[in-house]
Structures are given as structure tokens and as C-alpha cells.
Amino acid sequence: MIVGAFLSALAQFDDPRFRRAVWLGLALAVALLFAMYAAVLLVVQWVTPDTLTLPWIGAVNGLSALVSVASIAVMLILSVFLMVPVASAFTGLFLDDVADAVEARHYPGLSPAPRAAFWPALLDSIRYFGLLVLLNLLGMLLFVFSGGLGMICLWLINGFLLSREYFTMVALRRLSPAEASALRRDRFFTLWGAGIVMAIPLSVPLVNLAMPVIGAAAFTHLFHRVNGR
């Protein structure tokens, strides 16, 4: 069921509506990563002196620029851990478009679903974003001091959080909050597994940029399959 949902999502790339959502998701993901990089760069330049006097060497100029260039490599590494928060931050902004495209092709008998209100969806995304940033920064430290085993813990944790967020937002388009929560509890391990499948490629640079949209499509399929439609 899980693999079939993700394969069905990937198979929809020939749909113009779906491709539009993919490009929008890519643009938003890159924009947020760039904003994070800009913030890191400002901090680096603020705490690093332009000139440093070293014993027996004298003044060394351009140190701030050197550290700034090095920070690009650091940011690329951080993106492995920060793409999960990025995926969460923009979920509420384009999930409806992705779900509409999936339902139009695969579930044409359904009536149109009401779209989520913009500000509540944005606030919900921001709430998850902060939590995921904190967990992934802690997971990054665990990864460094555990010889890489911390990445498995990150996949498990992020898989749970992503599955909860994505499935809930898809389910609320068709069910009441109580019904959505009951269905999520009933299919807990299936949904958690799907979240892990989504979390793993989110830690792969470049591939991770498209995963928020792919995940939204896959969880739309999962919702209709576990809901018996």
C-alpha cells in the first residue's frame, strides 16, 4: 500500500496541474533554504573580524569573506537536516492543489473538497516548523556523536511527525477532526511507515526538494485507500 501510493504519486508527473504544484514547491523550498543560508551568512560575517593579527605572520585580511565562502559548504550539509522543516513549513500552502490534482485523476467521483483557510494552515505549518527545526538540530548533534546512527533516529522521528501532519491535513478535507484522528490512530503503523519512506529521501540533497509535493500526493492516495474509497 505504501509503495503503491508513492509510485502513483510519481506516475502523475505527466499531469500539468501536478507539475505546476511541483515547481511551486521547488521554488518555495529553495526560497526558504536561501533565507536560512542568508541568516547564517549574516551571523558569520557579524562575529568574524575583517582583519586578524597572527603571531609571526601579521595582519590577515579577508578572513570574513573566507569564512563566508566556507559557510556555503556548511549550509549544504545543514540542508540535509533542514529539508524536513522546509517540507513542513509549506505543507499547508500547496497541499490542496496537490490533493485536488490527485483526486481529479484517480478519484473523479468525489465532490470538490473545501480548501483549508490560509491563515490557520500557515500557523499550523509554522508550529510544526519550529518543532522540526529543534528536533533536527538535536538530531544533527546525535548524528555527529553516534557515528551516523542518529540518522536512523531522525528518520523514525521525522517519519512520525510528517505522517501525522500530512495525513491529518489531507483527511480534514473529507472528514471531521474526530474522524480524522480516529482513522489516523487505527492505521498508525501504516502511516508511520509512509512517513519514514518520505523522510529518507528528504535527507538526500536535490532529491529532497521535490519530496514535499510527492509526499502530499502519496498521503492523498493513502487517505483514500485506508478510508475505503
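The values are calculated or read from the model by the stated rules, or taken from the named source; none is laboratory data. All figures in this text were calculated on a predicted structure; none of them were measured in a lab. Methodologically, a virtual Cβ is constructed for each residue, glycine included, from the backbone with ideal geometry; neighbour enumeration extends over all protein chains shown.
Quick one: what pairs do we get from the stretch 198-219, first residue farther than 18 Å from residue 165 by Cα, second at pLDDT 85 or above, C-beta under 7 Å, 6+ apart or different chains?
Every condition considered, the pairs that remain are 207/201.
Is there any pair linking a residue in the stretch 1-26 that is over 24 Å from residue 86 (Cβ atoms) and surrounded by fewer than 21 Cβ atoms within 10 Å (Cβ to Cβ) to one that is of a type in the set (Ser, Thr, Tyr) and modelled with pLDDT of 90 or more, with Cβ under 7 Å and at least six apart or on different chains, and which?
1/190
Is it the case, given these coordinates, that residue 163 is hydroxyl-bearing (Ser, Thr, Tyr) and closer than 22 Å to residue 135 by Cβ?
For residue 163, the condition - hydroxyl-bearing (Ser, Thr, Tyr) and closer than 22 Å to residue 135 by Cβ - is met.
Looking at the stretch 27-38, which of its residues are exposed (fewer than 14 other Cβ atoms within 10 Å of the Cβ) and in contact (Cβ under 8 Å) with a residue 24 or more places away in the chain?
Listed by number, the list holds a single entry, 30.
Please work out which one of (1) part of a loop (DSSP other than H, G, I, E, B); (2) surrounded by 17 or more Cβ atoms within 10 Å (Cβ to Cβ) is the condition residue 223 fails and give its number.
(1)
Given the conditions (1) hydrophobic (A, V, I, L, M, F, W, C); (2) in a helix (DSSP H, G or I); (3) modelled with pLDDT of 70 or more; (4) closer than 27 Å to residue 12 by Cβ, report the number of the one that residue 113 does not fulfil.
(2)
I'd like to check something: does the stretch 140-162 contain any residue that is closer than 24 Å to residue 103 by Cβ and not polar (S, T, N, Q)?
The answer is yes, given that some residue of the stretch 140-162 is closer than 24 Å to residue 103 by Cβ and not polar (S, T, N, Q).
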